Amino acid sequence: MAEKVGSANEQEPLIDLSSLADALPGDKTSAHSGLVNALKDKLQTLVGTSSGYIESLPPKIKKRVEILQKMQAEHDELVSKFLEEKAALEAKYQNMYDPLYSKILEENAALEAKYQNMYEPLYSKRHDVVNGITDVQDNKEEKTAKDSKEDNSEEKGVPEFWSTAMTNNEILRVQITERDEDALKFLKDIKWSRLDEGKGFKLDFFFNENPYFKNTVLTKTYYMVDENEPILERVTGTVIDWFPGKKLTEKVMRKKLKKGAKSGKTVTRVEQCASFFNFFKPPQIPDDDEDLDDDLADDLQDLLEQDYDIGSIIRDKIIPRAVSWYTGEAVETDDEDEDEEDDEEDEDGDDDEDEDEDDEDKEDDEEDDHEDKDHGHLKRFKAKPKISIHRASNQA
């Protein structure tokens, strides 16, 4: 499925062409100037242009997307206010941070819950517009689909809303295969919620009736040991009740034998294959890991890191900004945020490079001593912000 990236609004030019001539090598001859001017003219025609996807939508669907964009803007304004209040709260306690750490967490959780309750009505409206439960008239007032006098054959809602939003994220796009795309068209909503006492979270994927599986809700749950310093205890996913021959996480391989007594006979075998729906069968943290060597532990950690990252992206990016991911606006914002983070990492890395090398030598010596005392059994996986292995000494 092709990326459906577009924007309803024209963008301001992002490229400064004033110093283009200085950036090019060689003498500043007249021929050189002609080349620079030609490049400027070409670049000016490219910046700030829309991909045309939104403009190409049917008028009814385009109008619904415009209403969704207004809802997204209202949601984003609430997020901005939330971040302002959160920053003010953290500044308030900064000087007393250590002794009052638990107080900050408590009030932070209350603040988050407050705004989460404010987001919910917008999420509900988004759900109703996307799924055709409510519609918009030319005067942009909402109406119920059952009260509409439009032709019943007209497509309702915004088709492929969630599948498009997900595939516009470069991390999730890698997880979604061509075979998954049709099944994800039946996805009608995604929600997340905290577990009791903040010890983890769960993701619920709501599906319309479809030809692939019987489940109407697929759930992924991350259980944490501790709220203050999250340590991943276990991860669970819904067992998918596939219809016969529709299991997207497996493929059937058929091979005709050419030699021996069974020549000409067809052998069939089932193999696991890549699929987004493997997300609901997460890697398991073993209770007894005495036989788990370091290589297997590293492999398991990599799988858990990837799994947790995907869950966090869906919770923190896709759900709250689904409309912007659908239109493609969030793609540009996400790229800009990553560029800023890379710049900050480069600056920190230059300053701390020598110090890090000394620290690494010390850590290597400490690890060697520690491994002499402990075989390195895998006990718990820490998830703040990345999942890492916690090792504990054997008890006599």
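Filter the range 155-178 for residues that are small (Gly, Ala, Ser) and in a helix (DSSP H, G or I); which is nearest to Phe276 (Cα to Cα)? Can you show your working first?
So the first thing to find is which residues in the range 155-178 are small (Gly, Ala, Ser), and the list is 157, 163, 165.
Checking which are in a helix (DSSP H, G or I) leaves us with 163, 165.
Details: Ser163: 11, Ala165: 14 Å.
In this case the residue turns out to be Ser163.
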Task: Among (1) closer than 17 Å to Trp325 by Cα; (2) at pLDDT 90 or above; (3) open to solvent by less than 50 Å² (accessible area, probe 1.4 Å), the one test that Gly52 misses - done: (2)
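Please enumerate the residues belonging to the range 165-204 that are of a type in the set (Gly, Ala, Ser) and either closer than 30 Å to Asn108 by Cβ or touching a Cys at 6+ places or on another chain (Cβ under 6 Å) (or both). Spell out how you get there, then give the answer.
Let us first name the residues in the range 165-204 that are of a type in the set (Gly, Ala, Ser), namely 165, 183, 193, 198, 200.
Ala165, Ser193, Gly198, Gly200, listed by residue number.
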Task: Contacts under 7 angstrom Cβ, first residue in the range 143-168 being at pLDDT below 90, partner part of a loop (DSSP other than H, G, I, E, B) and not hydrophobic (A, V, I, L, M, F, W, C), 6 or more apart - done: Lys143/Gln137; Ala145/Gly132; Ala145/Lys156; Lys156/Gly132
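Among the listed residues Arg126, Arg173, Arg179, which satisfies the condition of being under 20 Å from Glu74 (Cα atoms) and either at pLDDT 95 or above or among the charged types (D, E, K, R) (or both)?
Values: Arg173 fails: under 20 Å from Glu74 (Cα atoms); Arg179 fails: under 20 Å from Glu74 (Cα atoms).
Only one candidate passes the filter, namely Arg126.
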Open item on the list: Please verify whether Leu111 is within 30 Å of Trp325 (Cα to Cα), at pLDDT 90 or above and in contact with an Asp or Glu (Cβ under 9 Å, 6 or more places away or on another chain), treating the condition exactly as stated.
Closed with: yes
- [ ] Note down all Cβ pairs under 7 Å where the first residue falls in the range 238-267 and is open to solvent by 70 Å² or more (accessible area, probe 1.4 Å) and at pLDDT 85 or above, the second is outside any strand (DSSP E or B) and hydrophobic (A, V, I, L, M, F, W, C), and they're at least six residues apart or on different chains.
- [x] Lys251/Cys273
Open item on the list: Six or more apart or on different chains, Cβ atoms under 7 Å: show the pairs whose first residue is in the range 198-219 and farther than 12 Å from Asp241 by Cβ and whose second is charged (D, E, K, R) and part of a loop (DSSP other than H, G, I, E, B).
Closed with: Gly198/Glu227; Lys199/Glu227; Pro211/Lys246
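Go through the range 222-231 and report how many residues are at pLDDT 85 or above and crowded, with 18+ Cβ neighbours inside 10 Å. Lay out the reasoning, then the answer.
First, pick out the residues of the range 222-231 that are at pLDDT 85 or above: 222-224.
Adding the requirement that they be crowded, with 18+ Cβ neighbours inside 10 Å leaves 222, 224.
Count: 2.
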Open item on the list: With the requirement that a residue be of a type in the set (Asp, Glu) and either open to solvent by less than 60 Å² (accessible area, probe 1.4 Å) or modelled with pLDDT of 85 or more (or both), what does the range 129-140 give you?
Closed with: Asp135
- [ ] Pick out the one residue from Glu347, Glu340, Glu332, Glu355 that is closer than 20 Å to Gln69 by Cα, in a helix (DSSP H, G or I) and either modelled with pLDDT under 85 or in contact with a Gly (Cβ under 9 Å, 6 or more places away or on another chain) (or both).
- [x] Glu332
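Condition first: open to solvent by 40 Å² or more (accessible area, probe 1.4 Å), in a helix (DSSP H, G or I) and farther than 21 Å from Met224 by Cβ. Can you find one or more residues in the range 278-291 that meet it?
Of all residues in the range 278-291, those open to solvent by 40 Å² or more (accessible area, probe 1.4 Å) come to 278, 281, 284, 286-288, 290-291.
When the remaining residues are screened for being in a helix (DSSP H, G or I), the result is 278.
Subset that is farther than 21 Å from Met224 by Cβ: 278.
So far as the range 278-291 goes, yes, one or more of its residues are open to solvent by 40 Å² or more (accessible area, probe 1.4 Å), in a helix (DSSP H, G or I) and farther than 21 Å from Met224 by Cβ.
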- [ ] Select from the range 70-115 the residues that are of a type in the set (S, T, N, Q) and touching a residue at least 40 places away in the same chain (Cβ under 8 Å) and write down the one among them that is most open to solvent (accessible area, probe 1.4 Å).
- [x] Ser102
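Condition (residue is assigned to a loop (DSSP other than H, G, I, E, B), basic (Lys, Arg), at pLDDT 95 or above and open to solvent by 40 Å² or more (accessible area, probe 1.4 Å)) applied to the range 301-317: is it met by at least one residue?
So in the range 301-317, the residues assigned to a loop (DSSP other than H, G, I, E, B) come out as none.
The answer is no; no qualifying residue exists.
The values are calculated or read from the model by the stated rules, or taken from the named source; none is laboratory data. Predicted model only: the values in this text are computed from it and were never measured. Counting neighbours? That spans all protein chains shown, and the Cβs are built from the backbone with ideal geometry, glycine included. To get the accessible areas, we keep the full protein, side chains included, count just its heavy atoms, and leave off ligands, DNA and RNA. Shrake-Rupley method; radii C 1.70, N 1.55, O 1.52, S 1.80 Å.
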